[in-house]
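The values are calculated or read from the model by the stated rules, or taken from the named source; none is laboratory data. These figures come from a predicted structure and were not determined experimentally. We place every Cβ from the backbone using ideal geometry, glycine too, and count neighbours over all the protein chains shown.
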Amino acid sequence: MPPKKRTRPNATTMKMVGKQVAAARIAKNLTQKQLASLIKVDEETIASIEQGRRMLMPHVAELLDLHLGLPGTLTVAANEMPAVDLIPPWAEEYLDRECEAIAISSYENQVLPGLLQTDAYAEAVFRSCVPVLDEDEITGRIAVRVRRRAILSRKEPVTLSFVIWEPALRLSLGGQEVHKEQLSHLRACSELPGVSIQLYPLERTHHPALDGPFVLLETPDNQRLAYMETQHGSHLTSQRNEVSIVERRYAMLRTLALNLDETRAELDRLLGET
């Protein structure tokens, strides 16, 4: 079954778990930097967890238990803690990483990438959810989309690459006006510094990513991550073999997709039809 939606743990719970992490680290005579290196995260992540500012994610807890010699203590704590309201645990960790990423590569085959969605299109996406979301939840999710879009206007541009399967581009979520506004927004985004948008056409007879959508991230310390979502949950990984597989799929997608100029021409054509 899909992971349950829960509310964010209160500050007291997060600080208590953070103190457990700090105590176990000190007992092992490790600095925050040394521990971060062992579990392949940045030092700030360890500091934030220990100070109770960042929720301890289950996959991080497992690695901490392993390297701190704990009998699953932190893993139990992480799995029992309520996760983030509206956003599953893996997705929250992904959003943290997205905010600080220096490069993002995204493949979408169902809806347009969240970073490129207009408010009206995002609302149409959320109103399509089953079970139906209440108005407050829809408003909250749109607000998250709006905050994420700030990455498009950073002072130092992020390298952003998007491959979109043609059915997602043609799906008129929200109606004709919403669709036209969304296409216009995509066309404008295609001209932004550091942004590349490529359409993967239906006419192709080969498809290297039939398993579903995914995102590749590169962090400021050059760590490479892969994020994948399904109807049954989501998964963020730094495992080299898993990341490598997704990177190879993305390379093939970009090779087979329309190039940047061809994609802009197709967007112009679709706008002329709407």
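In table form, for the structure just shown:
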quantity	calculated
Flag if Leu160 is under 23 Å from Arg249 (Cα atoms) and either among the polar types (S, T, N, Q) or surrounded by 19 or more Cβ atoms within 10 Å (Cβ to Cβ) (or both)	yes
Residue ID - farthest from Ser161 (Cα to Cα), chosen from residues in region 185-223 that are at pLDDT 95 or above and charged (D, E, K, R)	Glu203
Region 138-185, subset in contact (Cβ under 8 Å) with a residue 60 or more places away in the chain and of a type in the set (Gly, Ala, Ser), residue farthest from Arg269 (Cα to Cα)	Ser161
Val125, sole failed condition from (1) over 25 Å from Asp96 (Cα atoms); (2) touching a residue at least 40 places away in the same chain (Cβ under 8 Å); (3) among the hydrophobic types (A, V, I, L, M, F, W, C)	(1)
Residue match in region 240-259 (condition: closer than 20 Å to Pro167 by Cβ, of a type outside the set (Phe, Trp, Tyr) and touching a Leu at 6+ places or on another chain (Cβ under 8 Å))	yes
Selection within region 43-55 - assigned to a loop (DSSP other than H, G, I, E, B) and either more than 12 Å from Val17 (Cα to Cα) or at pLDDT 80 or above (or both)	Gln51
Tally, over region 26-42, of residues that are in a helix (DSSP H, G or I) and either of a type outside the set (Val, Ile, Thr) or touching a strand residue (DSSP E or B) at 6+ places or on another chain (Cβ under 9 Å) (or both)	8
Ser234 being of a type in the set (S, T, N, Q), within 13 Å of Leu115 (Cβ to Cβ) and in contact with a strand residue (DSSP E or B) (Cβ under 7 Å, 6 or more places away or on another chain)	no
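Residues checked against (1) in the same structural domain as Asn109 (by TED's automatic domain parsing); (2) free of Cβ contacts under 8 Å to residues at least 40 places away in the same chain; (3) among the charged types (D, E, K, R); (4) farther than 28 Å from Asp42 by Cβ:
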| position | (1), (2), (3), (4) |
| --- | --- |
| Ser234 | yes, no, no, no |
| Asn241 | yes, yes, no, no |
| Ser244 | yes, yes, no, no |
| Met252 | yes, no, no, yes |
| Thr255 | yes, yes, no, yes |
| Asp261 | yes, yes, yes, yes |
